[in-house]
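Heads up, the thing below is written out as structure tokens.
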Number of protein chains: 4
Amino acid sequence: MNVLNKLGISDELADMLISEAVKKAKELGVKVSIAIVDEGGELKAFKRMDGAPILTIEIAIDKAWTAVSFGIPTHEWYNMLKDNPPLAMGFPKIPRLIIFGGGFPIVYKGQVIGGIGISGGSAEQDMEIAKNALKKLES
Amino acid sequence: MNVLNKLGISDELADMLISEAVKKAKELGVKVSIAIVDEGGELKAFKRMDGAPILTIEIAIDKAWTAVSFGIPTHEWYNMLKDNPPLAMGFPKIPRLIIFGGGFPIVYKGQVIGGIGISGGSAEQDMEIAKNALKKLES
Amino acid sequence: MNVLNKLGISDELADMLISEAVKKAKELGVKVSIAIVDEGGELKAFKRMDGAPILTIEIAIDKAWTAVSFGIPTHEWYNMLKDNPPLAMGFPKIPRLIIFGGGFPIVYKGQVIGGIGISGGSAEQDMEIAKNALKKLES
Amino acid sequence: MNVLNKLGISDELADMLISEAVKKAKELGVKVSIAIVDEGGELKAFKRMDGAPILTIEIAIDKAWTAVSFGIPTHEWYNMLKDNPPLAMGFPKIPRLIIFGGGFPIVYKGQVIGGIGISGGSAEQDMEIAKNALKKLES
């Protein structure tokens, strides 16, 4: 019988991504929340750095969920929506869907195995922090 | 072991802020709801003045929560969003986030120790009422 | 045209009830949240005493709401439910309905004009605090 | 002006509690989720061990929240409820309130500074894992 083979986020990988993200956030001088979800969108690991605002909890988790939920980085949503009025009017209200930067799918051997979400800096800083953590995975 | 030192809203402080807000609202001739939350965003004290509409309950509480949740006054959100289309499209739908004036963090010795939210007047009146109450804290 | 004449909770009455409740809670040595709602169940005034747990916020508000929602004290629900299995199975899950002591309708000249909810002590203490505040209204 | 002095969970403390919990869970041969919340009940850090079921995510977080929300371990709720029918019928439905073992307040110098919740083993195993982590804090 045919079954699917999936790859998933391990404790080791989640720890590495979070510690890389914290390192980069400290370099940038921002206090962020970092969420790692598995390929089903369920929380695997989370850290809110000392002093990061509470609003960042929900946004970081939802960015990670959004990235996994469609397999694309959260900042790509705006480009897909902006010239299509029905989508632009309808998509932003979908619960948990975050359409600005800071959420990325975690891709390994061509498979989406999870998502990472960062919140607390500007969208650009959040993206830089996430990309820096993911770079470690590629190497 | 390392722990964080925080300051929080006392009964005395909450009472003072509400009575100052009521006094100012009466001066301006508006009927408002006033919400005080602690630094975790949880309700500490609330008053809806006689005749203030029921819609003001939720908005006042959510303004206070919003102010604490990111550590900035609610009226600053619009300026952060207006020239950034993805943020402008994405942020307003975040549950409880109020992006117009009337919510302020309560800051004491450089720490956010809570939030105040006013609803019932125009955004400008709500802001004036909140700022007037907070001025008392500074003195 | 026939319209209804209603009586409602005033600022003055809400303040009196809250300060009587605080006084009694201090006498009993408990830290409670006190919620006052109007005859429509909407929040009129609220205070969480210094040190009262955050769980008491929601329970106090819901007790006040429950008291107004059917016009009876919250502790009477259990007696109405206990010998009637379908009610006992079905009522407790109704959102916001609290079936233990500490919520009372505020009755004036035979009309329910609001509700008071206390949470933080035992059910008996919460009831005593509420009843003591309401006694003041009768006098 | 009177303000409250509070203590809070630091990154360092949250990391220590999670790594102690993971160590004990491995010793016991169970796969658990571990949640750490601050004194306002907001998520500070989280880990779901490899292979821990997804139901454990919400339960661990809600156990930690419950412990903070009333300042007592989650397993004490059952004893408070079991001989009091109205409470027994009414409390279990309160959203997020978990009334079985595995959630503990994190107490430091007599203050509740946060909560820890464990889910994935039996209630007894979850409690053992949490208590073992907290023992480290006392020493």
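The values are calculated or read from the model by the stated rules, or taken from the named source; none is laboratory data. Because the structure is a prediction, the values reported are computed rather than measured. Note: ideal-geometry Cβ built from the backbone for every residue, glycine included; neighbour counts use all protein chains shown. Note: accessible area is taken over every heavy atom of the protein model, side chains too, but ligands, DNA and RNA are not part of it. Shrake-Rupley method; radii C 1.70, N 1.55, O 1.52, S 1.80 Å.
Which whole number gives the average, over all residues in A:68-80, of C-beta atoms from other chains lying within 10 Å of the residue C-beta?
Values: counts 0, 0, 0, 0, 0, 0, 2, 1, 1, 3, 7, 1, 0.
Across A:68-80, the average partner-chain Cβ count within 10 Å equals 1.
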Worksheet item: Total Å² of accessible surface buried at the C-B contact, 1.4 Å probe, nearest 100?
Response: 1500
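Could you compute the FRET efficiency for residue A:111 and residue C:3, with r as their C-beta to C-beta distance and R0 at 51 Å, rounded to 0.05? Could the numbers behind the result be given before it?
Working: r = 67 Å, r/R0 = 1.31.
About 0.15, to the nearest 0.05.
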Worksheet item: Based on the Cβ-Cβ distance from residue A:16 to residue C:72, what FRET efficiency comes out when R0 is 41 Å, to the nearest 0.05?
Response: 0.10
Fill in: Phi to ³J(HN,Hα) by Karplus 6.51 cos²θ - 1.76 cosθ + 1.60 over the range C:47-63, Hz, x for Gly, Pro
9, 10, 4, 3, x, 6, x, 5, 4, 6, 4, 5, 5, 4, 5, 6, 5
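Counting partner chain Cβ atoms within 10 Å of every residue's Cβ in D:85-96, what's the average? Before the final figure, lay out the partial values.
Details: counts 6, 14, 6, 3, 10, 14, 5, 2, 7, 5, 2, 2.
Mean partner shielding for this stretch: 6.
In nm², what is the average projected area of the convex hull enclosing the Cα atoms of chain B?
Values: hull surface 37.9 nm².
Taking a quarter of the hull surface, the average projection is 9.5 nm².
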Worksheet item: Taking H as built 1.01 Å from N, whose amide H comes closer than 5 Å to the amide H of residue C:114, not counting residues under 5 places away?
Response: C:106
Discussion item. Quick check: from the Cα gyration tensor, does the range D:1-77 come out rounded (a/c under 1.5), prolate or oblate?
Written reply: prolate
Item to complete: Normalising by the residue count of the range B:11-137, find the relative contact order in percent from Cα pairs under 8 Å and 6+ residues apart.
Response: 30
Worksheet item: Under 5 Å between amide H atoms, partner at least 5 residues away or on a different chain: which partners does residue B:9 have, H built in plane at 1.01 Å?
Response: B:39, D:4
Worksheet item: Got a sec? Which residues in the range A:85-100 would a label at residue B:84 touch, if it sits 7 Å along Cα→Cβ and we count backbone N under 16 Å?
Response: A:98-100
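Tell me the per residue accessible area of the protein assembly as shown using a 1.4 Å probe; a whole number in Å² is fine.
Heavy-atom SASA per residue in the protein assembly as shown reads 43 Å².
Ignore the peptide's own chain and count Cβ atoms of other chains within 10 Å of each Cβ in B:23-31; give me the average, rounded. Show your work: numbers first, answer last.
Numbers: counts 0, 0, 0, 0, 0, 0, 0, 0, 0.
Taking the mean over all residues of the peptide, I get 0.
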